[in-house]
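Trainee: Here it is, the structure in full.
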There are 2 protein chains.
Amino acid sequence: MPYRPTALTRKNAADKRAALLRAARALVAADGFRAATVAAIAARGQASVGSVYSHFDSRDLLLAEVFRSAASHELAVVRDAVADTGQPATDRLGDLIRVFGGRALQGRRMAWALLFEPVNPAVEAERLTYRRSYTEITEQIVRSGQERGEFLPQDTGLAASAVLGAISEALVGWLRPESPPPLPQAQADVVDGIRLFCLRALTPPVPAPPVPPGTGAGSARRPHRQDRRVGP
Amino acid sequence: MPYRPTALTRKNAADKRAALLRAARALVAADGFRAATVAAIAARGQASVGSVYSHFDSRDLLLAEVFRSAASHELAVVRDAVADTGQPATDRLGDLIRVFGGRALQGRRMAWALLFEPVNPAVEAERLTYRRSYTEITEQIVRSGQERGEFLPQDTGLAASAVLGAISEALVGWLRPESPPPLPQAQADVVDGIRLFCLRALTPPVPAPPVPPGTGAGSARRPHRQDRRVGP
DNA sequence: CTAAGGTGTGAATCACGGTTCAGAACTTGG
DNA sequence: CCAAGTTCTGAACCGTGATTCACACCTTAG
């Protein structure tokens, strides 16, 4: 039996596989999943169309793997930014929104691909998983905020969904491939606007300033910072 | 010149067109745009594939028209529910959420198709338009709430996006074709949960109950109703 | 070096559904 | 009923891009 796959062979194969994954990822980051045709991936990965199929069972699965690797990295970054359960939930949620939103606005095309681009059922399934992970992280923060007395009691799952919905919807306008990249100032404003919106929905009113007896209580207003106009 | 299109002819043509539109709409309501192939539309509309093309320039435009008619009806219903600018903004926003959410949960498949299903660029363009309309309605309510002193001052565009994002994200779990229909109680709970979340994000604290002089104000807590657990 | 496998290649194939079009069926005014 | 048009029909066509596969090229161990 004159030929058997050897360590080198295996390494070469693994390298090729990785190169194809890298190639696909680059294409996605540049122009979305749509642009990652098998031919384009092969070309960019210095391989032939056929050999793509000796490393991956199908394009759909290849893309699912690209998605998974990109999304799991993002998730890890966010997780990390929010990991310190000793922090006030208010700060953790703020960090989540800042990190998530900031990174999305930095890598707009990739963010759009990961969050919104229609791809295929395999990717859709992955997307669902990651979405659930984000919801869980958020829900955990909300719960902890409630336990610490920072947040109002309310359905945590619903609140988490609503927070994530507010984030995505506020971002999507700026992530669309056809819309021009926002200025840094606008970026900061959106992210901060989202943060304040969500915190208002979660936290009880700041303790009212001491009221001189006799002054009507009806005019009390919570001293929430007023945001500047930011709209898309 | 023995033959010329006549009134009857024209009416027949219009009827056929309408029948095809109805057929397509029924298919979409049952199984989404994906199911509305030209062949299926023709079959259900008692026509041949070819004659679909004598009434519509392309499938994409036909679907865009289906979308438009369904979406504009929904929009009109919501607009109507919210039209009375004399009402408190709080009530109007509540009505918007109740009507929008309630109808979506009633016609889940259609709602999913209109809100989330990937279709084609023509439909995507329509979708964008309608999304903008909803944002405008919401923004208008938010602005009016601010003018009336019911809502906190904040960026109205961002707030409107966030509100709509919270609504969609909280709904999408229940609209997914593969998920089972929610019980009526759960429906009511989601919608009400969304409503409370959004109002909390928009309104200042309820005026504190008259404080007996000397009682510390620091323990004040806004009497927001606590929601029951509802999660997906 | 050579036989026995592996691995790479890219043109051909396939699947899919929208679109076309040659002819059949029909409608109208005379 | 006829001629001149219109409308209907559905099988054939097409564009697209994923997938296959016969073949050439390598690599290994004896």
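Trainee: Confirm whether B:Ala39 is under 20 Å from B:Ala122 (Cβ atoms) and outside the structural domain of B:Glu178 (by TED's automatic domain parsing).
Mentor: Answer is yes for this residue.
Trainee: To continue, here is another question. For the list (1) away from chain B (no Cβ under 11 Å); (2) more than 24 Å from A:Ala113 (Cα to Cα), I need the number of the one condition that A:Pro153 fails.
Mentor: Status for A:Pro153: all satisfied but (1).
Trainee: Just to check your reading of the model, which residue among A:Arg25, A:Arg92, A:Arg79 is open to solvent by less than 30 Å² (accessible area, probe 1.4 Å), without any contact (Cβ under 8 Å) to a residue 60 or more places away in the chain, charged (D, E, K, R) and away from DNA strand D (no atom under 13 Å from the Cβ)?
Mentor: Just a single option satisfies the conditions, and that option is A:Arg92.
Trainee: Condition check: away from DNA strand D (no atom under 15 Å from the Cβ), free of Cβ contacts under 8 Å to residues at least 24 places away in the same chain and in the same structural domain as A:Ser161 (by TED's automatic domain parsing). Does A:Gly86 satisfy that?
Mentor: Against the criterion (away from DNA strand D (no atom under 15 Å from the Cβ), free of Cβ contacts under 8 Å to residues at least 24 places away in the same chain and in the same structural domain as A:Ser161 (by TED's automatic domain parsing)), A:Gly86 qualifies.
Trainee: Another question, if that's okay. How many residues are aliphatic (A, V, I, L, M) and open to solvent by less than 30 Å² (accessible area, probe 1.4 Å) if we restrict to segment A:111-122?
Mentor: So the count comes out to 3.
Trainee: Please determine, by comparing only the residues of segment A:1-22 that are surrounded by 10 or more Cβ atoms within 10 Å (Cβ to Cβ) and within 6 Å of DNA strand C (Cβ to nearest atom), which one is nearest to A:Glu65 (Cα to Cα).
Mentor: A:Lys16
Trainee: Sticking with this structure for a sec: I need a count of the residues in segment B:28-51 that are open to solvent by 40 Å² or more (accessible area, probe 1.4 Å), more than 14 Å from every other protein chain (Cβ to nearest Cβ) and more than 10 Å from DNA strand D (Cβ to nearest atom).
Mentor: Final tally of qualifying residues: 5.
Trainee: Cβ-Cβ under 9 Å, sequence separation 6+ or interchain: first residue in segment B:194-205 and under 9 Å from B:Leu152 (Cβ atoms) and assigned to a helix (DSSP H, G or I), partner open to solvent by less than 20 Å² (accessible area, probe 1.4 Å) and acidic (Asp, Glu). Which pairs?
Mentor: none
Trainee: Could you tell me which numbered condition A:Arg148 fails, if it satisfies all but one of (1) open to solvent by less than 10 Å² (accessible area, probe 1.4 Å); (2) more than 17 Å from the chain's Cα centre (by Cα)?
Mentor: Only one criterion is unmet by A:Arg148, namely (1).
Trainee: Name the residue, out of A:Leu164, A:Leu128, A:Leu175, that is within 14 Å of another protein chain (Cβ to nearest Cβ), within 22 Å of A:Ser69 (Cα to Cα) and open to solvent by 30 Å² or more (accessible area, probe 1.4 Å).
Mentor: None of the others qualify; the one that does is A:Leu128.
Trainee: With the structure loaded, tell me whether A:Ser54 is of a type in the set (S, T, N, Q), within 18 Å of the chain's Cα centre (by Cα) and open to solvent by 30 Å² or more (accessible area, probe 1.4 Å) or whether it fails that test.
Mentor: no
The values are calculated or read from the model by the stated rules, or taken from the named source; none is laboratory data. In this text the structure is predicted, and so the values were computed from the model without any measurement. A quick note on method: Cβ atoms are made from the backbone with ideal geometry, for glycine too, and the neighbour counts reach across all protein chains shown. These accessible areas exclude ligands, DNA and RNA; they are computed on the full protein's heavy atoms, side chains included. Shrake-Rupley method; radii C 1.70, N 1.55, O 1.52, S 1.80 Å.
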